[in-house]
1. Just the residues that are surrounded by fewer than 17 Cβ atoms within 10 Å (Cβ to Cβ), assigned to a loop (DSSP other than H, G, I, E, B) and not hydroxyl-bearing (Ser, Thr, Tyr), please, taken from segment 30-53.
2. Within the group Lys125, Lys135, which residue is without any contact (Cβ under 8 Å) to a residue 40 or more places away in the chain, out of contact with any Pro (no Cβ under 8 Å at 6 or more places or on another chain) and under 16 Å from Ala224 (Cα atoms)?
3. Look at Glu62 and say whether it is out of contact with any His (no Cβ under 9 Å at 6 or more places or on another chain), free of Cβ contacts under 8 Å to residues at least 60 places away in the same chain and part of a loop (DSSP other than H, G, I, E, B).
4. Has segment 299-306 got any residue that is under 30 Å from Asp172 (Cβ atoms), modelled with pLDDT of 80 or more and not small (Gly, Ala, Ser)?
5. So if I check each of Glu233, Glu227, which one is among the acidic types (Asp, Glu), under 30 Å from Ala88 (Cβ atoms), outside any loop (DSSP other than H, G, I, E, B) and touching a residue at least 24 places away in the same chain (Cβ under 8 Å)?
6. Touching a residue at least 40 places away in the same chain (Cβ under 8 Å) and of a type in the set (Lys, Arg) - does that describe any residue in segment 74-96?
7. Out of segment 265-320, which residues are hydroxyl-bearing (Ser, Thr, Tyr) and free of Cβ contacts under 8 Å to residues at least 40 places away in the same chain?
8. So for segment 258-275 (the condition being in contact with a Phe, Trp or Tyr (Cβ under 6 Å, 6 or more places away or on another chain) and either assigned to a helix (DSSP H, G or I) or among the β-branched types (Val, Ile, Thr) (or both)), does at least one residue qualify?
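The values are calculated or read from the model by the stated rules, or taken from the named source; none is laboratory data. On a predicted model such as this, the values are computed, not experimentally measured, just so you know. Note that each Cβ is placed from the backbone with ideal geometry, even for glycine, and that neighbours are counted across all protein chains shown.
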Amino acid sequence: MLKVYHTADDRVVEREHIDGKGSWLCLINPTEKEMQLVSSRTGITHDFLKDPLDDEERPRIEIEPGQILIIIKVPVAKGQKDAEIYDAIPLGIIITKDYLVTVCLDDHPVFFQMLKEPVLYTFKKTRFLLLILIKTATLYLNYLRILDKRSTELQQHLSHSMKNEALLQLLDIQKSLVYFTTSLRANGIVMEKLTRTQLVKAEEAPASMLVKMYPEDEDLLEDAITENRQAIEMSSIYSSILTGSMDAYAALISNNVSVVMKFLTSVTIVLSLPTIIASIYGMNVGLPFQNSPFAFAGIIGLTLGLCGVAAYVLYRWNLF
């Protein structure tokens with residue numbers, strides 16, 4: 001899918017064709033035909049458009065004459081709402097002299113958030129790039145808060161559970177945190193590299209420089225790096241806590257099962273006494289008190305008495 005956006009009269013409007021410089025070309029899981037169209041109209045190499053479509057592509061910066069490719073990892077939610085698994089996929093941002101192109105496998109929420117900006121200038125490529133970085137880091141933080149809330153709810157459930165379902169859901173959360181931590185650190189390296197080598201102050205930059213740093217963009221860059229670092233710290237902390245919690249709750253589930261087995265064993269012992277007595281008095285031989293009119297009542301009383309004594313002894317031994 002190819003969407004073309006352009007800022008006109010301080011509003012972002014969608015266009016049907018690539019017909020103006022300073023446009024934002026948004027490629028979402030594009031076809032080969034769409035990539036060829038964008039490549040022919042913008043001069044972007046085909047590899048730059050294709051690389052972000054690889055799930056395993058690492059965040060990096062690549063420079064070719066007249067174009068820069070910046071790949072970051074953005075978070076995505078998969079699965080059902082009550083049991084979502086979070087992952088990270090590549091997002092490619094390609095900057096040329098006249099166009100800014102984004103390439104992603106999904107219609108990511110960060111695109112929707114960009115379009116919700118009160119004022120978004122598609123021709124201000126540096127600011128556009130920094131806004132994407134900030135919104136990506138913010139989205140990571142939001143997803144981390146959701147994961148932490150789900151983790152707390154599952155831990156409360158596990159405290160009195162004997163099933164593995166909640167433990168498996170915690171494992172999914174841990175996997176999501178690992179994906180997030182790895183992706184955030186890689187994004188952080190890209191941001192640091194941008195800071196050191198790519199974003200040059202506009203007054204010091206040559207006319208051919210594609211990504212220039214304007215004074216009003218410095219705060220955005222600092223915010224992007226700060227948000228990303230905060231997300232890294234949160235992800236690392238949650239992952240460490242969850243790792244210890246999973247070990248503890250695995251032992252707790254095993255202990256709960258042991259308690260139930262201990263109780264059932266005690267019940268079996270108590271119930272075995274009436275079985276033994278009934279088996280003896282059920283034999284077809286001469287037995288004590290078999291002619292007494294009170295034999296049945298006496299046997300029942302003896303059985304209940306023995307069961308009571310056994311239950312009391314087991315209770316005193318904390319087996320009930």
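1. Within segment 30-53, Gly43 is the sole residue that qualifies.
2. Residue meeting the stated conditions: Lys135.
3. no
4. Within segment 299-306 (the criterion being under 30 Å from Asp172 (Cβ atoms), modelled with pLDDT of 80 or more and not small (Gly, Ala, Ser)), the answer is no, since none of the residues qualifies.
5. The conditions single out Glu227.
6. Taking every residue of segment 74-96 in turn, none turns out to be touching a residue at least 40 places away in the same chain (Cβ under 8 Å) and of a type in the set (Lys, Arg).
7. If the condition is that a residue be hydroxyl-bearing (Ser, Thr, Tyr) and free of Cβ contacts under 8 Å to residues at least 40 places away in the same chain, then Thr268, Ser272, Thr275, Ser279, Tyr281, Ser292, Thr303, Tyr312, Tyr315 are the ones that fit.
8. yes
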